[in-house]
Amino acid sequence: MMKKNLITCLVLSLTPFTFSTAKDVVAQPRITITPVEIMPRPIQVITAKNEVAIQLKSVKTQVEIINGLAETTLEMQLYNPNNRSLEGNLEFPLQEGQQITALALDINGEMRE
């Protein structure tokens with residue numbers, strides 16, 4: 001019986017919110033996204049003898065539409081299992097009209113732009 005009353009209270013408490021915001025809804029233009037097939041370049045890993053390539057541990061992707069443009073943020077976590085610092089190149093294949101607006105590295109807790 002208690003469970004039924006709790007659900008009823010939740011539904012009733014949400015109902016005024018729904019009605020008050022329904023009149024404020026503005027029609028948004030329909031956005032059509034056309035899929036584009038992108039063939040990634042093969043990953044090229046060159047290491048010296050007795051060394052292991054840098055490893056990609058995780059990737060977080062966030063996409064936000066702002067004024068009709070997609071702003072994509074990639075957060076990549078890389079790991080160097082070697083006993084010395086390694087140098088590398090990170091390549092982003094871009095389509096026509098795309099651009100990188102910022103790039104920063106967090107190295108041992110220090111942000112470097």
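Of the residues making up region 55-83, those that are at pLDDT 85 or above and not in a strand (DSSP E or B) are Asn67, Asn80, Pro81, Asn82, Asn83. Checking each residue in region 55-89 for being of a type in the set (D, E, K, R) and closer than 22 Å to Met111 by Cβ picks out Lys57, Lys60, Glu64, Glu71, Glu75, Glu87.
Screening Val52, Val26 for residues that are at pLDDT below 75 and over 24 Å from the mean Cα position of the chain (by Cα) leaves exactly one candidate, Val26. Just so you know, in region 92-113 the residues that are of a type in the set (A, V, I, L, M, F, W, C) and part of a loop (DSSP other than H, G, I, E, B) include one that is farthest from Gln77 (Cα to Cα), and it is Leu94. I'd like the full set of residues that are under 27 Å from Ile46 (Cα atoms), surrounded by fewer than 10 Cβ atoms within 10 Å (Cβ to Cβ) and more than 19 Å from the chain's Cα centre (by Cα), limited to region 82-106. Listed by number, the residues that qualify are Asn83, Arg84, Ser85, Glu87, Asn89.
The values are calculated or read from the model by the stated rules, or taken from the named source; none is laboratory data. Bear in mind that the values here come from a model prediction, so they are computed numbers and not experimental data. All Cβ positions, glycine included, derive from the backbone under ideal geometry; neighbour counts span all protein chains shown.
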